[in-house]
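Asks: I am attaching a structure below and will ask some questions about it afterwards.
The values are calculated or read from the model by the stated rules, or taken from the named source; none is laboratory data. Every value quoted in this text rests on a predicted model; they were computed, and no experiment measured them. Don't worry about glycine lacking a Cβ; one is built from the backbone with ideal geometry, like all the others, and counts go over all protein chains shown.
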């Protein structure tokens, strides 16, 4: 049994779930900055309050799981992204406590501060994640078993493009979540935000896809697509992913632009999540089998088999349980937000 | 790797972990307290327990949020600052942390949502289940993190391959390493005691500002009983932990005790100034001849001179950290016993000297937790994995500049977040039990503050 490959899949799954779940609540956090009044702001935070903590736990599983399953990859990547990781953590601290603190601030200035911390923290965490992703995809300098690049290697036009794209993507997810969870004027606003985000996401995905193709010859080789020629035999095998992305963008366009009232409220979110999945699969196709692009593969960085085996035993039992009660919590809070449900008093 | 980055990384780790531990210590205890309150409410149907629950759950939510966000930092610190440690020890310590996430974090995080926001969506039984799930989750989390940390103190069940990477040879020995059982008990008791001291302080403060309600006295009685019962057990657990450290980490014990010379019988030094240059503890006040009563075995008790200076932990910090921890613990024992006496005399509700001392006494548990961890972690130096991997060989290849940036950023962020959090928690605690009560009868009862405006704290009239 190829334990390294299984764990590569499991960590990828954890990161995927993180991106989808915290993606929408970070997006919601960014949109919070555009809310009209305090009532809308309370509705917006209430829509994610019961679940944000669980969502963020996937980030801990991503980080902790990478340490446990691929210690060498973790040991190379974290120093490589020292500054954006630090900024992401600080931003997540601000937005995390702001959920609670903004209810407790009594002065208008402090309330403004925590409202700002929530929106600003969400935005900064999103951009930091985008910069990390961009820096990751463009590759990391490695000598021996250590990161050998500079402190700002991650900061390039490509990583800035990716960061902007991730922001648009999170905003799309967040806006679609608000369509699902809210009503009336706020829902109308959410549709407007989603429409703008969809246009930006479509452009961003195209731009990042093209830019990624020119990053490393191995990526070009994998897709069979370069700036000058297309190898159809190769491209044919991976074409379903971009085709699915295009299809999902079309369906989202239909639900958001053409017939927004006719579409069920859950559908834009499901489609947007699907769109994220295609982007994620596209990256996986480009980068596999590297988990330190383009220096170390999943097999080179994996922990000992007895560690991977022990963890697999735990994951096989616990992941279904975790997914089970996560689904239960989402079902419990299904439907439109009811602001008075909280314990605040 | 230059020395500055190493020192800064150590400072940063010490800072973020010391900040973080305050909140798990509080939430482990508070989750158990809330589960007890809700259970007692369901069992006895007495409204007082419901009021306690509704009051403390607000403080719990604040503390839990701060614990979560400062905990996320921890899971990335190992890589950003201690990447060589992560690479070398990852195959042993990684699975323990992964199990913590899989068995504890998701459980806590998911059911916290139900606990805080599920009032009207689930029945009482299921809500109680959610509270218990959170409480159990916090305890499981302590189990795994203490196992991982104890393995760094007293590594067992492992071997090192030719590349210098650790791997497990026996997982049971890794998880249940020699210092783990005593340190887990010590930490869990510390969490309950810390929470009890904070609950007692909140009650005393309410008495002083004349906002005494029935639950005020009830929470003081519960806290006093907890302190008086658990503090003696904690002294035993602490001693148990010390005996194991004596067996496996004699340099740590020598630093804690301020012993320099190896002797068959050592004194107990109550006060002193360890001087690493001179190799002695100056200005000491000591009780001679106590060691045979404290440490079994009759072997010679090693002093610090037995160890090469490069193999010694920083003595002053460990020595004084230990004394502050013990002093804080004894202070809490005193407060607990005093509160029992006042309870017996029926005077818990009347402001007295006790109340004025109990309010700052609410910090004693946190002080003991932080100083206790300083003793444990600084006492482990100069190693990350005791005897097997040095701290200087664990640090990431990051320049001093970025580390200085991150340390400064964390200090600013934590100063803001800590100050605000402490103020908000104190405000809720001080305001006491003025919540509108839910009707005690219907199945899915209404939480207080149902109208939209009441979600927030009442705004001050003068901004």
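Asks: Which of the residues belonging to region A:32-55 are under 22 Å from residue A:332 (Cβ atoms), assigned to a helix (DSSP H, G or I) and in contact (Cβ under 8 Å) with a residue 60 or more places away in the chain?
Replies: A:42, A:43, A:44, A:45, A:46, A:54
Asks: Something else about it: Return the total of residues in region A:95-116 being within 7 Å of another protein chain (Cβ to nearest Cβ) and either touching a residue at least 40 places away in the same chain (Cβ under 8 Å) or under 18 Å from residue B:67 (Cβ atoms) (or both).
Replies: Total meeting the criteria: 7.
Asks: In region A:146-193, which residues are part of a loop (DSSP other than H, G, I, E, B) and surrounded by fewer than 19 Cβ atoms within 10 Å (Cβ to Cβ)?
Replies: Passing the criteria: A:148, A:149, A:150, A:151, A:152, A:153, A:155, A:156, A:183.
Residue-by-condition table, conditions (1) surrounded by fewer than 24 Cβ atoms within 10 Å (Cβ to Cβ); (2) modelled with pLDDT of 90 or more; (3) more than 7 Å from chain A (Cβ to nearest Cβ); (4) under 25 Å from residue B:314 (Cα atoms):
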| position | (1), (2), (3), (4) |
| --- | --- |
| B:1 | yes, no, yes, yes |
| B:17 | yes, yes, yes, yes |
| B:30 | no, yes, yes, no |
| B:64 | no, yes, yes, no |
| B:76 | no, no, no, no |
| B:119 | yes, no, no, no |
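Asks: Let me ask another. Starting from residues that are at the interface with another protein chain (Cβ under 7 Å from one of its Cβ atoms) and farther than 16 Å from residue A:135 by Cα, keep the ones in region A:70-93 and report whichever is surrounded by the most Cβ atoms within 10 Å (Cβ to Cβ).
Replies: A:71
Asks: Restricting attention to region B:395-434, which residues are within 30 Å of residue B:87 (Cβ to Cβ) and without any contact (Cβ under 8 Å) to a residue 60 or more places away in the chain?
Replies: Those that are within 30 Å of residue B:87 (Cβ to Cβ) and without any contact (Cβ under 8 Å) to a residue 60 or more places away in the chain: B:401, B:402, B:405, B:408, B:409, B:413.
Asks: Something else now. Among the residues of region A:55-62, are any buried (at least 24 other Cβ atoms within 10 Å of the Cβ), more than 8 Å from chain B (Cβ to nearest Cβ) and closer than 20 Å to residue B:111 by Cα?
Replies: yes
Asks: Go through region A:214-240 and give me each residue that's free of Cβ contacts under 8 Å to residues at least 60 places away in the same chain, assigned to a helix (DSSP H, G or I) and surrounded by fewer than 17 Cβ atoms within 10 Å (Cβ to Cβ).
Replies: Listed by number, the residues that qualify are A:217, A:221, A:232, A:233, A:234, A:235, A:236, A:237, A:240.
Let's see how each residue does on (1) surrounded by fewer than 20 Cβ atoms within 10 Å (Cβ to Cβ); (2) touching a strand residue (DSSP E or B) at 6+ places or on another chain (Cβ under 8 Å); (3) more than 11 Å from chain A (Cβ to nearest Cβ):
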residue: B:373; (1), (2), (3): no, no, yes
residue: B:384; (1), (2), (3): no, yes, yes
residue: B:398; (1), (2), (3): no, no, no
residue: B:403; (1), (2), (3): no, no, no
residue: B:410; (1), (2), (3): no, no, no
residue: B:416; (1), (2), (3): yes, no, no
residue: B:423; (1), (2), (3): yes, no, no
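Asks: Can you name the number of the only condition in (1) closer than 25 Å to residue A:334 by Cα; (2) surrounded by 23 or more Cβ atoms within 10 Å (Cβ to Cβ) that residue B:133 fails?
Replies: (2)
Asks: I'm trying to understand the selection: among the residues of region B:150-165, which are within 14 Å of chain A (Cβ to nearest Cβ) and surrounded by 24 or more Cβ atoms within 10 Å (Cβ to Cβ)?
Replies: B:151
Asks: Hey, among the residues in region B:432-453 that are crowded, with 16+ Cβ neighbours inside 10 Å and facing chain A (nearest Cβ under 10 Å), which one's modelled with the highest pLDDT?
Replies: B:435
Asks: Got a number for residues in region B:134-160 being in contact with a helix residue (DSSP H, G or I) (Cβ under 9 Å, 6 or more places away or on another chain) and over 20 Å from residue B:184 (Cβ atoms)?
Replies: 1
Asks: Follow-up question, since we're still on this one. Can you pull out the residues in region B:1-56 that are closer than 20 Å to residue B:217 by Cβ and either in contact with a strand residue (DSSP E or B) (Cβ under 9 Å, 6 or more places away or on another chain) or outside any helix (DSSP H, G or I) (or both)?
Replies: Matches in region B:1-56: B:45, B:46.
Asks: May I ask you to verify whether residue B:69 is under 17 Å from the mean Cα position of the chain (by Cα), facing chain A (nearest Cβ under 7 Å) and in a helix (DSSP H, G or I)?
Replies: So residue B:69 fits the description; yes.
Asks: Which one of these does residue A:67 not meet: (1) in contact (Cβ under 8 Å) with a residue 24 or more places away in the chain; (2) buried (at least 24 other Cβ atoms within 10 Å of the Cβ); (3) farther than 16 Å from residue A:136 by Cα?
Replies: With (1) in contact (Cβ under 8 Å) with a residue 24 or more places away in the chain; (2) buried (at least 24 other Cβ atoms within 10 Å of the Cβ); (3) farther than 16 Å from residue A:136 by Cα applied to residue A:67, the lone miss is (1).
Asks: Can you name the condition, by its number, that residue A:279 falls short on among (1) at pLDDT 90 or above; (2) surrounded by fewer than 16 Cβ atoms within 10 Å (Cβ to Cβ)?
Replies: Looking at each condition in turn, residue A:279 falls short on (2).
Asks: Of the residues that sit in region B:282-304 and are in contact with a helix residue (DSSP H, G or I) (Cβ under 9 Å, 6 or more places away or on another chain) and part of a helix (DSSP H, G or I), which one is surrounded by the most Cβ atoms within 10 Å (Cβ to Cβ)?
Replies: B:304
Asks: For region B:224-247, check the following and say yes or no: at least one residue is touching a strand residue (DSSP E or B) at 6+ places or on another chain (Cβ under 6 Å), at pLDDT below 95, part of a helix (DSSP H, G or I) and farther than 30 Å from residue B:431 by Cβ.
Replies: no
Asks: Now a separate question. Could you tell me whether region B:192-209 includes any residue that is modelled with pLDDT under 95, surrounded by fewer than 19 Cβ atoms within 10 Å (Cβ to Cβ) and part of a helix (DSSP H, G or I)?
Replies: Within region B:192-209, one or more residues are modelled with pLDDT under 95, surrounded by fewer than 19 Cβ atoms within 10 Å (Cβ to Cβ) and part of a helix (DSSP H, G or I).
Asks: While we're here: Would you pick out the residues in region A:277-318 that are farther than 20 Å from residue B:89 by Cβ and at the interface with chain B (Cβ under 7 Å from one of its Cβ atoms)?
Replies: A:315, A:318
Residue-wise test of (1) surrounded by fewer than 19 Cβ atoms within 10 Å (Cβ to Cβ); (2) over 16 Å from residue B:269 (Cβ atoms).
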position: B:314; (1), (2): yes, yes
position: B:318; (1), (2): no, no
position: B:323; (1), (2): yes, no
position: B:336; (1), (2): no, yes
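Asks: Only one of these conditions is not met by residue B:38: (1) free of Cβ contacts under 8 Å to residues at least 40 places away in the same chain; (2) more than 10 Å from every other protein chain (Cβ to nearest Cβ); (3) surrounded by 24 or more Cβ atoms within 10 Å (Cβ to Cβ). Which number is it?
Replies: In the conditions (1) free of Cβ contacts under 8 Å to residues at least 40 places away in the same chain; (2) more than 10 Å from every other protein chain (Cβ to nearest Cβ); (3) surrounded by 24 or more Cβ atoms within 10 Å (Cβ to Cβ), residue B:38 misses (1) alone.
Asks: Next question, about the same structure. All but one of (1) within 19 Å of the chain's Cα centre (by Cα); (2) in a helix (DSSP H, G or I); (3) facing another protein chain (nearest Cβ under 7 Å) hold for residue A:29; which doesn't?
Replies: (3)
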